[in-house]
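A.B. asks: Please see the structure below; I have some questions.
The values are calculated or read from the model by the stated rules, or taken from the named source; none is laboratory data. Bear in mind the structure is a predicted one, so any value in this text is a computation, not a measurement. All Cβ positions, glycine included, derive from the backbone under ideal geometry; neighbour counts span all protein chains shown.
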Amino acid sequence: MEKKPVTRRDFVRMAGVAAGASVLAACGPTATPETIIVKETVVSEVEKVVENVVEKVVTATAAPTEPPEPAVLDIWFNTNIPDLTAEWTSDPDNPEFQKQWYFGGLGRQLFIPWLEAHPGVSMNITSHSWDWDLRQNQLMALAAGIYPETTYGEAYVNEFVQLGVFNTLSNEVAALFPEGTYGGATIEGMVYGLPKSSGTNVLFVNLDKVAEAGMPTDKLPTTWEELLALAQAISQVNKSEKWGNTAYYTYGPSGDSYGPAMRILQWFNQKGVPLGSNVGVPSANTPGAADVWLFHNDLMWTSSESLILQAESEAGSGQLFNDGVIALKPGWNNDATSVGAGNVNAVGIPLPLPAGGVPANIVIGNDMHSPLKGCKNPDLAITLIEETLVVPESQAWLADNCGIWIPALKSLLEQYPTYDKLAGYKTDIAKNIVRGTMQALLEGGAGPLPGWPKNGTRIWTEWNSTAGRIWKEKMTQELIQAELDKLQTTIEGLVAKSG
């Protein structure tokens, strides 16, 4: 083996070690510089005798202490996993599956290899619900001074970013994902969270209903005008005793959920009139927003009010799509699990665009993970997220097992034309639709809901109430604008108000 030359730094270090006995003897709070003369030290590959003088300051040295305790990371996750070594299998009879569902398998895929690469580290993995309940649990924990290493979330992530409780992550790592997937955790170019899974919308089209309306199935809508014309044509002929005339469907606005907004706000983003910014600056009454509401009202009224209000679940609306009650609906990859389960002639196409509009979308099922500043092991928290969420096998896991979600890594999304790790989606129809959502996430300008810094739940309640009035009362443009002016004032007040 070739020997490396000894540098001056190496030589000084070795000289210091040689003088260790005299150094330790001199330890004390008032130690003075001690001159150590090293003569005739022979170093391999150095043929001449070396003479050097090393001046060393002797300082007080603490007595050896007990080795530090192993690091235990407090990980907030989608399920409780008290023991990663317990066997989990994708089997309804498996005890771990019964308690943890597919998140138990994903947790093992994410965390076991990482722990093996970081000996001396262990994890306490616990679930804290989702949506509003998760937000409340996070706020209560912070108020009590409880800081886990990492947490998770969807629509309320930006609120915690703005509270300043998260650590930053590498921009280079973030660049491995589409910008919209981490936009909700970004402020002033700094990234505070990354997705472990994602999703976005395409337009689901029941081709049999298109044909029954006498419309071409080989020329599906690409513009708002074409979409509205198709929906109105289908509504004329598609009628049932229970639901009346029906064609287009999306969630009816209700309660404090942000779910309906995830199926509606993409139309506003396409037109360049978003409800608010990623950091929660409201713009509900921007000129042009009322025009989008008029278009959306026309679409909604191609189906009955009873259908819009009662077919509220993804599985329920999926079954009605399979049955032909619903012919058109914006849906995300999770909808494909129910639509694809039926014997239906269906496709998913890119969302039609308004005149002068641009491709835009909403991320759905975008599960963000963020590291906290106040935890015991902040550096390990950052490392955990940056090293686990970029592993292709982990990103692919959910789509290939339970379905519902798609990967968020660009390197996997770019494979959408032939991507085959979709075993969680059981039919070719479902898989083809899901590939379309992968393309939309990669290319379609998908982004987060507005990141309200305060009172997010109350803001969504107000938005749902406003959307419901605009739709049910079939408002004119003038009345819609008045509603949006009131909504803007209300949101501004809630953003400025604590509580």
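A.B. asks: Against the definition (farther than 29 Å from Trp267 by Cβ, out of contact with any strand residue (DSSP E or B) (no Cβ under 8 Å at 6 or more places or on another chain) and part of a loop (DSSP other than H, G, I, E, B)), how does Leu142 come out, yes or no? Let's see the steps before the verdict.
C.D. replies: Numbers: farther than 29 Å from Trp267 by Cβ: yes; out of contact with any strand residue (DSSP E or B) (no Cβ under 8 Å at 6 or more places or on another chain): yes; part of a loop (DSSP other than H, G, I, E, B): no.
Spelling it out, it is not the case that Leu142 is farther than 29 Å from Trp267 by Cβ, out of contact with any strand residue (DSSP E or B) (no Cβ under 8 Å at 6 or more places or on another chain) and part of a loop (DSSP other than H, G, I, E, B).
A.B. asks: So which of Ala284, Ala290, Ala336 ends up being crowded, with 24+ Cβ neighbours inside 10 Å and under 14 Å from Ala467 (Cα atoms)?
C.D. replies: On the way: Ala290 fails: crowded, with 24+ Cβ neighbours inside 10 Å; Ala336 fails: under 14 Å from Ala467 (Cα atoms).
None of the others qualify; the one that does is Ala284.
A.B. asks: If you go through the stretch 318-335 one residue at a time, do you hit one that is more than 19 Å from Ser240 (Cβ to Cβ) and part of a helix (DSSP H, G or I)?
C.D. replies: Filtering the stretch 318-335 for residues more than 19 Å from Ser240 (Cβ to Cβ) gives 330-335.
Retained after the next criterion (residues that are part of a helix (DSSP H, G or I)): 335.
Yes, there is a match, as at least one residue in the stretch 318-335 is more than 19 Å from Ser240 (Cβ to Cβ) and part of a helix (DSSP H, G or I).
A quick yes/no check of all residues on (1) acidic (Asp, Glu); (2) modelled with pLDDT of 95 or more; (3) in contact with a Leu (Cβ under 9 Å, 6 or more places away or on another chain); (4) surrounded by fewer than 18 Cβ atoms within 10 Å (Cβ to Cβ):
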{"position": "Ala355", "(1), (2), (3), (4)": "no, yes, no, yes"}
{"position": "Val363", "(1), (2), (3), (4)": "no, yes, yes, no"}
{"position": "Met368", "(1), (2), (3), (4)": "no, yes, yes, no"}
{"position": "Lys376", "(1), (2), (3), (4)": "no, yes, yes, yes"}
{"position": "Pro392", "(1), (2), (3), (4)": "no, yes, yes, yes"}
{"position": "Ala396", "(1), (2), (3), (4)": "no, yes, yes, no"}
{"position": "Ala399", "(1), (2), (3), (4)": "no, yes, yes, no"}
{"position": "Ala408", "(1), (2), (3), (4)": "no, yes, yes, no"}
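A.B. asks: Would you check which residues across the stretch 451-476 are among the small types (Gly, Ala, Ser), in contact with a Ser or Thr (Cβ under 8 Å, 6 or more places away or on another chain) and crowded, with 21+ Cβ neighbours inside 10 Å and list them? Explain how you work it out, then say what you get.
C.D. replies: As a first pass, look at the stretch 451-476 and keep what is among the small types (Gly, Ala, Ser): 451, 456, 465, 467-468.
Adding the requirement that they be in contact with a Ser or Thr (Cβ under 8 Å, 6 or more places away or on another chain) leaves 451, 468.
Hit for the stretch 451-476 is Gly451, nothing else.
A.B. asks: Something else now. If you check Ala381 against the conditions, is it of a type outside the set (Val, Ile, Thr), assigned by TED's automatic domain parsing to the domain that holds Gln162 and buried (at least 23 other Cβ atoms within 10 Å of the Cβ)?
C.D. replies: On the way: of a type outside the set (Val, Ile, Thr): yes; assigned by TED's automatic domain parsing to the domain that holds Gln162: yes; buried (at least 23 other Cβ atoms within 10 Å of the Cβ): yes.
Answer is yes for this residue.
A.B. asks: Please verify whether Lys271 is more than 28 Å from the chain's Cα centre (by Cα), assigned by TED's automatic domain parsing to the domain that holds Thr223 and of a type in the set (Lys, Arg), treating the condition exactly as stated.
C.D. replies: So Lys271 fails the test.
A.B. asks: Using the structure shown, decide if Ser257 is at pLDDT below 95, surrounded by fewer than 16 Cβ atoms within 10 Å (Cβ to Cβ) and on the phi < 0 side of the Ramachandran plot.
C.D. replies: For Ser257, the condition - at pLDDT below 95, surrounded by fewer than 16 Cβ atoms within 10 Å (Cβ to Cβ) and on the phi < 0 side of the Ramachandran plot - is not met.
A.B. asks: Specify which of the listed residues (Glu149, Glu87, Glu154, Glu116) is buried (at least 20 other Cβ atoms within 10 Å of the Cβ), farther than 25 Å from Leu449 by Cβ and among the charged types (D, E, K, R). Even if it seems obvious, please write down each step before you answer.
C.D. replies: Details: Glu87 fails: buried (at least 20 other Cβ atoms within 10 Å of the Cβ); Glu154 fails: farther than 25 Å from Leu449 by Cβ; Glu116 fails: buried (at least 20 other Cβ atoms within 10 Å of the Cβ).
After ruling out the rest, the residue left standing is Glu149.
A.B. asks: Can you tell me which of Leu479, Leu487, Leu442 is out of contact with any Gly (no Cβ under 9 Å at 6 or more places or on another chain), farther than 25 Å from Pro359 by Cβ, crowded, with 18+ Cβ neighbours inside 10 Å and modelled with pLDDT of 95 or more?
C.D. replies: Leu487
A.B. asks: Out of (1) among the aromatic types (Phe, Trp, Tyr); (2) at pLDDT 95 or above; (3) in a helix (DSSP H, G or I), the odd one out for Tyr152 is which?
C.D. replies: Among (1) among the aromatic types (Phe, Trp, Tyr); (2) at pLDDT 95 or above; (3) in a helix (DSSP H, G or I), the lone unmet condition for Tyr152 is (3).
A.B. asks: Does Thr286 meet the test of being out of contact with any Gly (no Cβ under 8 Å at 6 or more places or on another chain), closer than 27 Å to Val339 by Cβ and not in a helix (DSSP H, G or I)?
C.D. replies: Working: out of contact with any Gly (no Cβ under 8 Å at 6 or more places or on another chain): yes; closer than 27 Å to Val339 by Cβ: no; not in a helix (DSSP H, G or I): yes.
Against the criterion (out of contact with any Gly (no Cβ under 8 Å at 6 or more places or on another chain), closer than 27 Å to Val339 by Cβ and not in a helix (DSSP H, G or I)), Thr286 does not qualify.
A.B. asks: In addition: From the residues in the stretch 181-232 that are of a type in the set (Ser, Thr, Tyr) and in a strand (DSSP E or B), which one is nearest to Asp400 (Cα to Cα)?
C.D. replies: Within the stretch 181-232, the match that is nearest to Asp400 (Cα to Cα) is Ser197.
A.B. asks: Report the residue count in the stretch 121-138 for those that are in a loop (DSSP other than H, G, I, E, B) and surrounded by fewer than 17 Cβ atoms within 10 Å (Cβ to Cβ).
C.D. replies: Summing the residues that are in a loop (DSSP other than H, G, I, E, B) and surrounded by fewer than 17 Cβ atoms within 10 Å (Cβ to Cβ) in the stretch 121-138 gives 2.
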